[in-house]
1. For residue 144, all conditions in the list (1) open to solvent by 40 Å² or more (accessible area, probe 1.4 Å); (2) modelled with pLDDT of 95 or more hold save one; what is the number of the exception?
2. If you scan region 147-162, which residues turn out to be open to solvent by 90 Å² or more (accessible area, probe 1.4 Å) and either closer than 14 Å to residue 36 by Cα or in a helix (DSSP H, G or I) (or both)?
3. Quick one: what pairs do we get from region 96-113, first residue at pLDDT 90 or above, second in a helix (DSSP H, G or I), C-beta under 7 Å, 6+ apart or different chains?
4. I'd like the residue in region 6-23 that is within 14 Å of residue 49 (Cβ to Cβ) and either touching a strand residue (DSSP E or B) at 6+ places or on another chain (Cβ under 8 Å) or open to solvent by 10 Å² or more (accessible area, probe 1.4 Å) (or both) and, out of all such residues, is modelled with the highest pLDDT.
5. Does residue 177 count as in contact (Cβ under 8 Å) with a residue 60 or more places away in the chain and either surrounded by 11 or more Cβ atoms within 10 Å (Cβ to Cβ) or not aromatic (Phe, Trp, Tyr) (or both)?
6. Every residue in region 139-172 that is closer than 24 Å to residue 125 by Cα and aliphatic (A, V, I, L, M), please.
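The values are calculated or read from the model by the stated rules, or taken from the named source; none is laboratory data. Source: prediction; values computed, not measured. Here the Cβ positions follow ideal geometry from the backbone for every residue, glycine too, while neighbour counts run over all protein chains shown. Keep in mind that these areas ignore ligands, DNA and RNA; they rest on the heavy atoms of the full protein, side chains included. Shrake-Rupley method; radii C 1.70, N 1.55, O 1.52, S 1.80 Å.
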Amino acid sequence: MKRTVSNPLGLAVLGLLVEAPMHPHAMAAALRDRGMDRVFKVTTGSLYDVVRALERAGWIEARETVRVGARPERTIYQHTAQGYREFVRWVDELVRVPAAEYPKFLSAVTYVGVLGPDGATEALRERADRVRALLDEIRTGHRAVLESGQVPRLFVVEAEYAVRMYEAELGWLEEIVDDIEAGRLAWPESEGEN
């Protein structure tokens, strides 16, 4: 069944509204504070577009409009009954049914041979260093969020998943670099080289 709103950022908005009604500015801040901008592409324009799409679909509705001081008015949104049901269905489907995903890194790894053994080793080592830095950043942020006591672990388990995925990637990167350096990964002569 085709979903009226299928942008993953819509899933994030609906998820935040489970916690409490809020305006888009607060949604963006919450997503960034929790490091969820690594999971969902968050820009002001895309967030407001998704909020409008969810409202048109009847999944969220304006609860009230507030003004604080000289700031512009802000509309606070909440789920509709239909929106909550659709959110639950959407999460259930995404958890249960593996879907084809098309990561850019996998696309590049397909052709890593063109870099030659030295170029591939250098590029893979650099990526491993960056993955280590990301792991440190995610672990630190996750720990800080949990220690603050403001957000239950259930609301940030995606960080734990991200850590496991990066750990697996790092292990693979290190293994492939070792295999290249030890000559266990054969590098055929390229006919396309000049």
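1. Just one mismatch for residue 144, condition (2).
2. Initially, region 147-162 is screened for residues open to solvent by 90 Å² or more (accessible area, probe 1.4 Å), giving 147, 150, 153-154, 161.
Listed by number, the residues that qualify are 147, 153, 154, 161.
3. Final answer for the pair search is 112/120.
4. Here is the first cut: in region 6-23, the ones within 14 Å of residue 49 (Cβ to Cβ) are 6-10, 12-13.
Within this subset, residues satisfying the condition of being either touching a strand residue (DSSP E or B) at 6+ places or on another chain (Cβ under 8 Å) or open to solvent by 10 Å² or more (accessible area, probe 1.4 Å) (or both) are 6-8, 13.
Values: 6: 84, 7: 87, 8: 88, 13: 94.
Going through the qualifying residues, I end up with 13.
5. Values: in contact (Cβ under 8 Å) with a residue 60 or more places away in the chain: no; either surrounded by 11 or more Cβ atoms within 10 Å (Cβ to Cβ) or not aromatic (Phe, Trp, Tyr) (or both): yes.
Judged against the criteria, residue 177 is not a match.
6. 159, 162, 163, 165, 168, 170
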